[in-house]
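Read through the structure below, which is laid out as structure tokens, and then see the notes.
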Amino acid sequence: MLKGYTAPRTPLGRSSLVQPPPWHYVGTALAVEYDARPEAVAAFLPAPLRPGREALAGRCAAYFCDWQFASGEAAAGGEPEYLDPVHSQYREFILIQGWPKQIGSIWMTRTFELASPATPMIGAGGRFGASLAAKDRRLVDARVTLRVESESMPQPNFSRAFNVRLFPELAAGHHDRPAVHELVQLRSCDVAVSAIWRGDAELRFYDQPNLELPALAPQQTVGGYRFNIALTVDDLVTLSDLRG
């Protein structure tokens, strides 16, 4: 019998692209909270989701994240993935959360516990940058200057994000009727957040001929954030079937 949580399923089940949950994450986030055009935000939301109240109808948050990952098998006594960094580390840009993800190139300013002109400080006046590129094109640039500690994270945050699960059909006559099309919501647990620093931010989206990302470009920035976060993902709530 073939085994595995995801494809490819194999005799021992070791080749799956993703191991069974729970999935444990810890990482550094550089985020920019901003306002896009409300009508553009509404156009990207699947029914029955709608934008927030009028003052926040265009509110978005762009996250650059540097993650380290461990699976439930590692937590149960197996060798942790972080001992093989190429297997456990990745960077991610999150604006429209979902899977599968588009492969891109993400860079973020790093910090070190040494005084040097080559590293910013985590505190008032610290300056951080991040960039996103995909298919040889620069898509997003961000700059954040820290000012004060904050009691809150940028909104919206991604720990209980809404997602769309979509598995299309290839069979002729069924291309417009996917096998799975659901609105779901993540359930994160064991969430821990470091000190949150907030400050000024710049965010720029670049035109790209094959992506609609520029439609969500900022009209104005609200603030920039930097923090560390840890969370576990082991559950999902199905909210509605969108095939109808």
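The values are calculated or read from the model by the stated rules, or taken from the named source; none is laboratory data. All of these numbers come straight from a predicted model, not from anything done at the bench. Cβ: placed from backbone, ideal geometry, glycine included. Neighbour counts: every protein chain shown. Heavy atoms of the whole protein, side chains included, go into the accessibility calculation; ligands, DNA and RNA do not. Shrake-Rupley method; radii C 1.70, N 1.55, O 1.52, S 1.80 Å.
Looking at TYR25, TYR63, can you tell me which residue is open to solvent by 40 Å² or more (accessible area, probe 1.4 Å), of a type in the set (Ser, Thr, Tyr) and either within 21 Å of ARG165 (Cβ to Cβ) or touching a Phe, Trp or Tyr at 6+ places or on another chain (Cβ under 8 Å) (or both)?
TYR25
Say we look at the stretch 6-22 and pick out the residues that are modelled with pLDDT of 95 or more and not charged (D, E, K, R); which of these is least open to solvent (accessible area, probe 1.4 Å)? Quick ask: steps written out before the conclusion?
Going through the stretch 6-22, the residues modelled with pLDDT of 95 or more turn out to be 8-11.
Now narrow it down to the ones that are not charged (D, E, K, R): 8, 10-11.
Numbers: PRO8: 63, THR10: 31, PRO11: 91 Å².
Selected residue: THR10.
Restrict the check to the stretch 186-200 and report whether at least one residue is touching a helix residue (DSSP H, G or I) at 6+ places or on another chain (Cβ under 6 Å), within 22 Å of ILE96 (Cα to Cα) and free of Cβ contacts under 8 Å to residues at least 60 places away in the same chain.
Within the stretch 186-200, not a single residue is touching a helix residue (DSSP H, G or I) at 6+ places or on another chain (Cβ under 6 Å), within 22 Å of ILE96 (Cα to Cα) and free of Cβ contacts under 8 Å to residues at least 60 places away in the same chain.
So, in the stretch 28-49, exactly how many residues are open to solvent by less than 40 Å² (accessible area, probe 1.4 Å) and free of Cβ contacts under 8 Å to residues at least 40 places away in the same chain? Break it down into steps so the answer makes sense when it comes.
To start, the set of residues in the stretch 28-49 that are open to solvent by less than 40 Å² (accessible area, probe 1.4 Å) comprises 28-36, 40-41, 46.
Among the residues that remain, those that are also free of Cβ contacts under 8 Å to residues at least 40 places away in the same chain are: none.
Number satisfying all stated conditions: 0.
Only residues that are within 12 Å of ASP234 (Cα to Cα) and not small (Gly, Ala, Ser): list them for the stretch 178-188, please.
Matches in the stretch 178-188: GLN185, LEU186, ARG187.
I'm trying to understand the selection: among the residues of the stretch 156-171, which are open to solvent by less than 90 Å² (accessible area, probe 1.4 Å), part of a loop (DSSP other than H, G, I, E, B) and either at pLDDT below 95 or not acidic (Asp, Glu) (or both)?
PRO156, ASN157, PHE158, SER159, ALA161, ALA171
Name, by its number, the condition in (1) under 20 Å from VAL233 (Cα atoms); (2) in contact with a Lys or Arg (Cβ under 7 Å, 6 or more places away or on another chain); (3) among the hydrophobic types (A, V, I, L, M, F, W, C) that does not hold for VAL191.
Here VAL191 clears every test but (2).
Can you tell which of THR232, THR238 is polar (S, T, N, Q), open to solvent by less than 30 Å² (accessible area, probe 1.4 Å) and more than 15 Å from TYR63 (Cβ to Cβ)?
Of THR232, THR238, the one residue that is polar (S, T, N, Q), open to solvent by less than 30 Å² (accessible area, probe 1.4 Å) and more than 15 Å from TYR63 (Cβ to Cβ) is THR232.
Among the listed residues LEU186, LEU216, which satisfies the condition of being open to solvent by less than 50 Å² (accessible area, probe 1.4 Å) and at pLDDT 95 or above?
Criteria check complete, one pass: LEU216.
Of everything in the stretch 12-55, what is closer than 21 Å to GLY78 by Cα and either in contact with a strand residue (DSSP E or B) (Cβ under 7 Å, 6 or more places away or on another chain) or outside any loop (DSSP other than H, G, I, E, B) (or both)? Give them in sequence order.
Of everything in the stretch 12-55, those that are closer than 21 Å to GLY78 by Cα and either in contact with a strand residue (DSSP E or B) (Cβ under 7 Å, 6 or more places away or on another chain) or outside any loop (DSSP other than H, G, I, E, B) (or both) turn out to be LEU12, GLY13, GLN19, PRO21, PRO22, TRP23, HIS24, TYR25, VAL26.
For the stretch 1-27, give me the residue count where each residue is closer than 30 Å to MET153 by Cα and without any contact (Cβ under 8 Å) to a residue 40 or more places away in the chain.
Number of matching residues: 1.
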